[in-house]
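A.B. asks: Below are the structure tokens for one structure; questions will follow.
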Amino acid sequence: MYGMILENKLKKISGDLLDYSNETVDMIKNSTGSFLKEDINLAKETIEATSEVNKKSEYIEYECLKILGLHQPVARDLRLGAAILRTSTELERINTLSAYISRYAIDAAEKSSDSYKPPHIKFMSQTVQNMLKDGVGSLLSEDIQLLKRSTKNFVALQDFYNQMFLEYGDDNSSTAAMYSILIGRNLLSMGHHIMGMDDRIAYSIIGMKVVHHKVFYNVLMK
């Protein structure tokens, strides 16, 4: 009976985390879309939605701490609870970065309308969204292959950013280039947060501490 109660609570909070991650994906999509389409209204809506969306982080954190404090899970259940807690925290930070991107989108539209938008921004946004979906999916399904795909995509994310930076060359001080690079940096930061999340998810799945730039690639990626 005790084990069933704990299992049901972890299942419920896992469902809440999935909903939160789906909303976070939408925030990433909308924030970058507002820049690419020069849609100030969409950017404002995204900024305004940030606080409401991130209330789910507070709820998940509270529920996780209740589970850890009242049920004192061990082994796999403890690792799962810790991974959910870490993932929720990273999602909150990603949503905040989406709000920053939306703010840049507003400034860019007001200062340099119809400016060139490098395709790398769209590619980076899609890559981050895929990383997030795969990372959370791997946690909920305990699928190490999804986790590998999530982390491998970080290399592509870095490449897109570097290619964009090089494309501007000496023109990277112009207004259009400045906002593109700022948004690219925020998307790259999202990737870093997802990699930190993936480290904890890897520990939840395999019970071994993983640092994505070292052990993960040397051991799990083979």
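A.B. asks: Go through the stretch 1-39 and give me each residue that's of a type in the set (A, V, I, L, M), over 23 Å from the mean Cα position of the chain (by Cα) and surrounded by 14 or more Cβ atoms within 10 Å (Cβ to Cβ).
C.D. replies: Answer for the stretch 1-39, where residues must be of a type in the set (A, V, I, L, M), over 23 Å from the mean Cα position of the chain (by Cα) and surrounded by 14 or more Cβ atoms within 10 Å (Cβ to Cβ): just Leu6.
A.B. asks: Still on this model: Only one of Leu139, Leu146 is within 20 Å of Ser125 (Cβ to Cβ), modelled with pLDDT of 90 or more and under 21 Å from the mean Cα position of the chain (by Cα); which?
C.D. replies: Just a single option satisfies the conditions, and that option is Leu146.
A.B. asks: Take Arg79 and tell me if it is in contact (Cβ under 8 Å) with a residue 24 or more places away in the chain and under 20 Å from Leu17 (Cβ atoms).
C.D. replies: yes
A.B. asks: Can you find even one residue in the stretch 68-85 that is modelled with pLDDT of 90 or more, touching a Ser or Thr at 6+ places or on another chain (Cβ under 9 Å) and under 18 Å from Glu7 (Cβ atoms)?
C.D. replies: Yes: one or more hits.
A.B. asks: Which one is modelled with the highest pLDDT among residues in the stretch 1-59 that are more than 26 Å from Asn130 (Cβ to Cβ) and β-branched (Val, Ile, Thr)?
C.D. replies: Ile40
A.B. asks: Check Tyr62 against each of (1) assigned to a helix (DSSP H, G or I); (2) surrounded by 18 or more Cβ atoms within 10 Å (Cβ to Cβ) and name the one condition it does not meet.
C.D. replies: The one condition Tyr62 does not meet is (2).
A.B. asks: Would you be able to say whether some residue in the stretch 131-150 is surrounded by 20 or more Cβ atoms within 10 Å (Cβ to Cβ), out of contact with any Pro (no Cβ under 6 Å at 6 or more places or on another chain) and more than 26 Å from Ile205 (Cβ to Cβ)?
C.D. replies: no
A.B. asks: Another question, if that's okay. Only one of these is closer than 30 Å to Gln158 by Cβ and either of a type in the set (A, V, I, L, M) or in a helix (DSSP H, G or I) (or both): Ser115, Ser31. Name it.
C.D. replies: Ser31
A.B. asks: Test each condition in (1) over 30 Å from Arg76 (Cβ atoms); (2) in contact (Cβ under 8 Å) with a residue 60 or more places away in the chain for Leu140 and report the one that comes out false.
C.D. replies: (1)
A.B. asks: If you don't mind, there's one more thing I want to ask. List pairs: first in the stretch 149-160 and assigned to a helix (DSSP H, G or I), second buried (at least 16 other Cβ atoms within 10 Å of the Cβ) and hydroxyl-bearing (Ser, Thr, Tyr), Cβ under 7 Å, 6+ apart or cross-chain?
C.D. replies: Cβ pairs passing all conditions: Ser150/Ser138; Asn153/Thr127; Ala156/Thr127; Leu157/Thr127; Phe160/Thr127.
A.B. asks: Given the conditions (1) surrounded by fewer than 17 Cβ atoms within 10 Å (Cβ to Cβ); (2) at pLDDT below 85; (3) not basic (Lys, Arg), report the number of the one that Phe216 does not fulfil.
C.D. replies: Going through the list (1) surrounded by fewer than 17 Cβ atoms within 10 Å (Cβ to Cβ); (2) at pLDDT below 85; (3) not basic (Lys, Arg), Phe216 breaks only (1).
The values are calculated or read from the model by the stated rules, or taken from the named source; none is laboratory data. As the structure is a computational prediction, the values presented were derived from the model and not from experiment. Neighbour counts are summed over all protein chains in view; Cβ atoms, including those assigned to glycine, are modelled from backbone coordinates with ideal geometry.
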